[in-house]
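Below is one structure, written out as C-alpha cells; comments come after it.
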Amino acid sequence: MKIAIISDLHANLPALKAVLSDIASFNPDQIYCLGDLTDAAPWHNEVIELIKDRNIATIMGNHDERIAFDHPITPLSKHSLREQQARLDAINYTKQHITKDNKAFLAALPATIRLETEGMTILLVHGSADNNEEYLYEDAEESRISEMFRKEQVELIVSGHTHIPFIRYLRESNDQKLPESVAQNLTGSFAQKTRLLINTGSVGRSKEKDRKACYLQLEILSASDGVGLERLKPVIRKITYPIEETIRGIRNSPVPDFYADFLENQEQV
C-alpha cells in the first residue's frame with residue numbers, strides 16, 4: 001500500500017502541479033491532503049478545482065475554516081506588523097474572490113481522516129488531533145505527544161500546519177496501552193519505537209531555507225513483511241518548482257508582495 005500526503009498548498013498552483021507530477025511517478029494507491037488550500041498566492045480557486053478534479057481526500061485546515069465560515073481575522077502576536085497586515089489583506093482577497101461552490105467545498109471538509117490499512121491505524125490531521133491551529137514541532141514535549149497517541153489509539157499521526165517537515169519516532173512508556181497491531185512480537189531497532197509522528201511540510205509555502213515544495217511518500221508493508229513500525233516506510237520529498245512563476249503571480253495580483261518577498265528571502269521563517 002502506497003499513499004502520498006500533501007499539505008499547506010496556500011493557493012500556490014505552480015507548486016501543486018509540480019508535486020502532483022512527482023507523485024505520479026510514485027504511483028500511490030491514494031493521495032490525501034491535510035488542508036490549507038487557500039491564501040498567500042492568487043490561485044485559491046484553481047487549487048481547489050484541481051484538488052476536486054483529482055478526487056484528493058482533504059481535511060479542513062485553519063485557513064480553509066476561516067474562509068468557509070467567514071471567521072474574523074485575529075492578528076497573531078508572533079507576526080510582525082507587516083505580516084499581520086499582509087495576512088489580513090490576503091485572507092480578505094480570498095474571501096472576496098472564492099467561488100460559491102469552492103467555499104461550500106471547504107465548508108464540507110472533515111476535521112480529520114482516520115485510515116485503517118494493512119493492520120495499521122493512521123490519523124491525518126492539520127494541526128493536531130485536537131485543534132487545526134495547534135503547532136506540533138519536532139521538539140514538542142513528549143508528554144503532549146504521548147497523551148495524543150493514548151487518546152487516539154493509533155500508530156501514526158501525520159500533520160501539517162507548521163510548514164516544516166520531520167519524522168519523529170516515539171518510545172513507548174510503561175503506562176501506555178499499545179494497539180494490538182504493534183503490541184506483539186516487537187523486535188530489533190523498533191522494539192521500543194511504537195509511535196510515529198510525521199509532518200509533511202508545505203507544498204506552497206515552505207519555511208525551509210530552500211523553499212522547495214514538500215510532501216510525504218508513505219509505503220505500508222503487509223504484516224508478512226515486518227512488525228510494528230518497521231512496516232512503515234516514510235520519505236519526505238522535496239520538489240523544485242517554478243517558484244519565479246509563483247513570485248510573479250503574487251506581484252501581479254492583489255495578494256500582498258509580502259508573500260513574494262517571503263519566497264525570495266530564504267532566511268525568513
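All of the numbers you see were taken from the coordinates with simple rules; none came from a lab. Fair warning: this is a prediction, and the values are worked out from it, not measured in the lab. Reconstructed Cβ throughout: ideal geometry from the backbone, glycine too, with neighbour counts over all protein chains shown.
A few comments on the model shown:
- Potential extension, ALA24-LYS100 segment - 0.36 nm per residue separation minus Cα distance: 24.3 nm
- Simple rule: put +1 on each Lys or Arg Cβ and -1 on each Asp or Glu Cβ in region 22-140, find the dipole, and look at GLN30, ASN131, ALA68; the Cα lying farthest toward the positive end is ALA68.
- Long-range tail of P(r) for the chain (Cα pairs > 34 Å, %): 18
- Region 116-173 and region 192-264: distance between their alpha carbon centers, rounded to Å: 16
- Proxy reagent accessibility, fewest Cβ within 10 Å first, across LEU136, LEU170: LEU170, LEU136
- Order of TYR135, TYR93, TYR259 under a 10 Å beta carbon neighbour criterion, fewest first: TYR135, TYR93, TYR259
- Simple spin-label estimate for HIS71 and GLU46 gives 2.8 nm between the two label positions (7 Å along the Cα-to-Cβ direction from each Cα).
- Straight-line reach from LYS238: taking Cα to Cα under 13 Å and skipping same-chain neighbours fewer than 8 places apart, the aspartates and glutamates in range are ASP22, GLU208, ASP210.
- Highest GNM mean-square fluctuation among PRO42, PRO256, PRO72, for the chain modelled with Cα contacts below 10 Å: PRO72.
- Counting beta carbons within 10 Å around each of THR99, THR38 and listing the fewest first gives the order THR99, THR38.
- Per residue, the convex hull volume that the Cα atoms of region 1-105 enclose (Å³): 103
- Sequence ranges 100-111, 119-130, 199-210, ranked by mean other-Cβ count within 10 angstrom, highest first: 199-210, 119-130, 100-111
- Sequence-distant lysines (8 or more away, or on other chains) whose Cα lies within less than 20 Å of LYS78: LYS207, LYS209
- Estimated purely from DSSP H runs of n ≥ 4, each contributing -39500 (n - 2.57), the mean residue ellipticity at 222 nm for the chain is -9500 deg cm²/dmol once divided by its residues.
- Charge dipole of the chain about the Cα centre (unit charges at C-beta), most positive-ward option of GLN85, PRO14, GLN96: PRO14
- Cβ charges +1 (Lys, Arg) and -1 (Asp, Glu), total dipole of the chain, debye: 180
- Reachable lysines from LYS103, criterion Cα separation under 16 angstrom, eight or more residues apart if same chain: LYS52, LYS95
- Mean separation of Cα contacts under 8 Å (6+ apart) over length of the chain, as relative contact order %: 24
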